[in-house]
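One structure below.
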Amino acid sequence: MIADEMMAEIDFAHALGFQNRSMLHRYADLSTTLGAGFGDREEWARAILGRRDLTPSDKLDALEETAAFVLLAR
């Protein structure tokens, strides 16, 4: 992933409430694996990120868990 795409992903993640380095790194890893923009592009990711009942940490956990199943299904 090129630097500009990664910075856009980091900015997107930060705006979602992923504030610390660890959380941003985890989101960047997901972006590298699933492709830049997956948080906007993938319906399952949008559903998780849009949940108001989850903390940012819980959203990230759910993204990682769901991504594993998504990748297995491909």
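Every number in this text was worked out from the coordinates using simple rules, so none of it is lab data. Quick caveat, the model's predicted, so the values are computed rather than measured. Virtual Cβ from ideal backbone geometry, glycine too; neighbours counted across all protein chains shown.
To keep it simple, each residue is scored yes or no on (1) surrounded by 12 or more Cβ atoms within 10 Å (Cβ to Cβ); (2) in contact (Cβ under 8 Å) with a residue 40 or more places away in the chain; (3) small (Gly, Ala, Ser).
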site	(1), (2), (3)
ALA8	yes, no, yes
SER22	no, no, yes
HIS25	yes, no, no
ASP40	no, no, no
ALA45	yes, no, yes
Selection count where residues are within 15 Å of ALA15 (Cα to Cα) and of a type outside the set (Val, Ile, Thr), scope segment 55-67: 4
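Which ones in segment 10-20 are part of a helix (DSSP H, G or I) and either touching a residue at least 24 places away in the same chain (Cβ under 8 Å) or in contact with a His (Cβ under 8 Å, 6 or more places away or on another chain) (or both)?
Across segment 10-20, the qualifying residues are PHE12, ALA13.
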